[in-house]
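Single-structure report; data block below.
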Amino acid sequence: MYNTLSKRKEEFVTVQPGHVGMYLCGPTVYKPSHIGHMVGPVIFDTVKRYLEYSGWKVTWVVNITDVDDKLIAESALRGTTMAKLAEEMTADYLANLAALGVRSIDKMPKATEHIDNIIGFVQGLVEKGFAYASEGDVYFDVTKDSDYGRLSNRSVESMQGEGGSTVDRKRSAADFALWKKAKQGEPMWESPWGPGRPGWHIECSAMSRAILGEQFDIHGGGLDLVFPHHENEIAQSESLHGCCMARYWMHNGLMQAAGTTGKVGGRSAAQSLPEATLDAQAQAATKISKSTGAEPFKKLLERHRPETVRVLVLSTHYRSPIHFGEEPLGESARAMEAFERLFSRYERLSGKSFYVLTAKNRRDGDAAANLAGNEAELLRVKFLAAMDDDFNTAVGIATLFDFVRLVNKYIDQHGLEKKSSADVLSQLSEMMLVLRELTDTLGLFLTEPIATRIGADEKTVSKLMELVIEIRSRSRAAKDFATADLVRTKLAEAGIVVEDRADGTLWSRKKEAT
RNA sequence: GGCGCCGUAGCCAAGUGGCUAAGGCAGCGGAUUGCAAAUCCGCCAUCGUGGGUUCGACUCCCACCGGCGCCUCCA
């Protein structure tokens, strides 16, 4: 896997054999989470699934930053308390994670629950001479850390830059706050340096140590956190512990708002327009952040299934930026239908739902023996090879598409829809189990889409449709195609698609053509 | 200004110093279908531009053009 620290791919060797400690920098809970906040969790959820599949025991920690300048500002704006705001936004975050099927986080520590721990950490740094107190603040002295800047490839000198005018409390401009003195009316905790609150970077150092130990395996986050956040975490932890913090630093690419016009990276039409018409949404590609006002993720879920988001995220390599927007989402949704059509095809033939299949873990199975003339096995091996190579989910998903084609072909060639055959059916089931095994590692297709489930109020519709289809089938049998076509056309207008298949007529709701 | 990333078909997106440059969406042709839909088969790129290294580069190096990120809060 790729390590930001060494800037190359490395063999994955854990601190403790068989166990992986993984820490992901979570959100500052001051606003509803947007799509950008979901990328990390989806990616690392997949990483965890795959590592577990591969035989590791994984402890995954995601922190919640519930004390911070932005929280103070936002709660003041809303006329609420910081704690309440944090609680509300944390709930929002958790709900979104749940929707996306990210359920594998083991611990979610909050900064405010670790204040003592944080104070102890800062004290340790002060005692060792890496930090100094200054008028109620405590700063980390970057000049004491000879390694400072190695993650982000910067030097202390290069950062002395403009400096700024309000840094008189700091010894040098690059020093960063470990502890911030409280101003009037701000939330505060008592400390050896007076009332105040933790700086931004310190919580991750303190909490990762508390839960995962001084040294753990994977530390992740968005590419935008490399500097200064992660750089500073390393400085704090390694200065205090005298050794290495995380072995592997994994950084995911950021979400970019895809331009509504033209190609990203080329001359988009928008750029040739007069400036007046060139506003935020017409820009080619920009990072989604608070400045561009990304919509809350919850709103997005009103239009798109979580599965679609997951597919979109995983069809790009995790270190690359993801072009995000209605169009890419619609495309992912359409692409996904191929899988779901296969699932329902399988269900019609076997009577079993793909969603309840339980695949066995054959990670270390005897691949060679199974390989003989078995294309499904070949694809499985290809999939695993891709995932083994720095979690290449894009290639993984590509082989899954190949897999779908393979299975469809198998059904076609054996005419399974025309005449059933126990032999063919059991082969089919075997293949579906392999597909289940692989999609499990990506966290895909875990639950049946709600749209296909028929709820109580849908019962009537369902009965009615049965009747309509029955009548239409009779006209078809009587070669009265005019009537049959009329029914189908009218149903299409009502948003219902009719399919005459070898094994009977099906109807379904038309997918939104986004 | 400093550090870094990217530029592959109409669109999205993998990948490799030399074997057919994945996969998806869209499109086209065919099989199948009463006609459709779905499915299957086939077609659709020489890899931003210009140099260099090499027996050989899309893949390595340099320059240029274009896009993006970080350097302040950000997943």
(request) Hey, could you check region A:187-236 for residues that are among the polar types (S, T, N, Q) and assigned by TED's automatic domain parsing to the domain that holds A:Trp60 and say which is nearest to RNA strand B (Cβ to nearest atom)? (result) A:Asn232
(message) Looking at (1) free of Cβ contacts under 8 Å to residues at least 60 places away in the same chain; (2) surrounded by fewer than 22 Cβ atoms within 10 Å (Cβ to Cβ), which one does A:Ala133 not meet, given that it meets all the others?
(response) (1)
(message) Among the residues that make up region A:47-63, is at least one of them crowded, with 22+ Cβ neighbours inside 10 Å, within 13 Å of RNA strand B (Cβ to nearest atom) and not basic (Lys, Arg)?
(response) yes
(message) I need a count of the residues in region A:330-348 that are aliphatic (A, V, I, L, M) and within 21 Å of the chain's Cα centre (by Cα).
(response) 3
(message) Filter region A:203-221 down to the residues that are closer than 18 Å to A:Gly40 by Cα and touching a helix residue (DSSP H, G or I) at 6+ places or on another chain (Cβ under 6 Å) and list them by number.
(response) A:Cys204, A:Gly220
(message) Would you confirm, using the coordinates I've provided, whether A:Glu327 is open to solvent by 30 Å² or more (accessible area, probe 1.4 Å), over 14 Å from the mean Cα position of the chain (by Cα) and within 21 Å of A:His37 (Cα to Cα)?
(response) yes
(request) Tell me which residues, restricted to region A:64-103, are in contact with a strand residue (DSSP E or B) (Cβ under 7 Å, 6 or more places away or on another chain) and open to solvent by 70 Å² or more (accessible area, probe 1.4 Å). (result) A:Lys70
(message) Name the single residue that is nearest to the chain's Cα centre (by Cα) among those in region A:387-403 being within 6 Å of RNA strand B (Cβ to nearest atom) and part of a helix (DSSP H, G or I).
(response) A:Ala394
(message) For region A:474-491, which positions are open to solvent by 40 Å² or more (accessible area, probe 1.4 Å), within 11 Å of RNA strand B (Cβ to nearest atom) and outside any loop (DSSP other than H, G, I, E, B)?
(response) A:Arg476, A:Ala477, A:Phe481, A:Ala482, A:Thr483, A:Asp485, A:Leu486, A:Arg488, A:Thr489
(message) Can you confirm whether A:Glu375 is open to solvent by 70 Å² or more (accessible area, probe 1.4 Å) and in contact with a strand residue (DSSP E or B) (Cβ under 7 Å, 6 or more places away or on another chain)?
(response) no
(message) Criterion first (surrounded by 20 or more Cβ atoms within 10 Å (Cβ to Cβ), at pLDDT 90 or above and more than 7 Å from RNA strand B (Cβ to nearest atom)) does A:Ala333 satisfy it?
(response) yes
(request) For region A:99-118, state whether one or more residues are in a helix (DSSP H, G or I) and over 30 Å from A:Ser239 (Cα atoms). (result) yes
(request) For A:Lys287, state whether it is closer than 28 Å to A:Lys70 by Cα and either modelled with pLDDT under 90 or open to solvent by less than 10 Å² (accessible area, probe 1.4 Å) (or both). (result) yes
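The values are calculated or read from the model by the stated rules, or taken from the named source; none is laboratory data. What you see is a predicted model; the values in this text were computed from it and never measured. Heads up, the Cβs are rebuilt from the backbone with ideal geometry, glycines too, and the neighbour counts pull from every protein chain shown. For the accessible areas, the whole protein counts, side chains as well, though only heavy atoms, and no ligand, DNA or RNA atoms are used. Shrake-Rupley method; radii C 1.70, N 1.55, O 1.52, S 1.80 Å.
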